[in-house]
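All remarks here apply to the structure that follows.
We did not get these values from a lab; they are worked out from the coordinates using the rules stated. Keep in mind that what you see is a predicted model, and the values were worked out from it rather than measured. Backbone-built Cβ (ideal geometry, glycine too); neighbour counts: all protein chains shown.
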Amino acid sequence: MTRYFFHTGDGDQFIEDSEGAEMSDLATAREEAIKAAREMLAEKVLAGERIDGQVFEIVAGTGRLVETILSNLS
């Protein structure tokens, strides 16, 4: 098991996940990140907030950035 951290940002602010979560592999971490991203984006849409430019980063416990998920509506 590897600990992954899920950071998010929108160009104005960046929020680092300080707790992370243990996942069996990167594919599982990516699935969780996409699920969380969808939920966060849906909440923003319902609130009438801008969602273009959202960034979701998956960082391994070693501190290495392993994947970036972008919301790009352009």
Met23, Met1 arranged by Cβ crowding within 10 Å, fewest neighbours leading
Met1, Met23
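Can you check what the net charge comes to around Arg30, using other residues whose Cβ is under 12 Å from the Cβ of Arg30 (Lys, Arg +1; Asp, Glu -1)?
-4
Quote the Stokes-Einstein diffusion coefficient, in whole µm² s⁻¹, for the stretch 2-70, based on the Kirkwood radius over alpha carbon pairs, a temperature of 20 °C and a viscosity of 1.002 mPa s.
Translational diffusion coefficient: 174 µm²/s.
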Given charges of +1 on the Cβ of Lys and Arg and -1 on the Cβ of Asp and Glu, with all other atoms neutral, how large is the dipole of the chain about its Cα centre, in debye to the nearest 20?
160
Sorting Ser71, Ser18 on the 10 Å Cβ count, fewest up front, what's the list?
Ser18, Ser71
Degrees, to the nearest 10: 26-46 long Cα axis against longest axis of the chain:
20
To make sure I understand, if each residue's beta carbon is the centre and we count other beta carbons within 10 Å, what order do Ile51, Ile58, Ile34 fall in, fewest to most?
Ile34, Ile51, Ile58
How about the stretch 2-74: which GluC sites (Glu not before Pro) there are in a DSSP loop, with at most 15 other Cβ atoms within 10 Å of their Cβ?
Glu16, Glu19, Glu49
Please give the FRET efficiency for Glu31 paired with Asp52, using the beta carbon to beta carbon distance and R0 = 30 Å, rounded to the nearest 0.05.
0.80
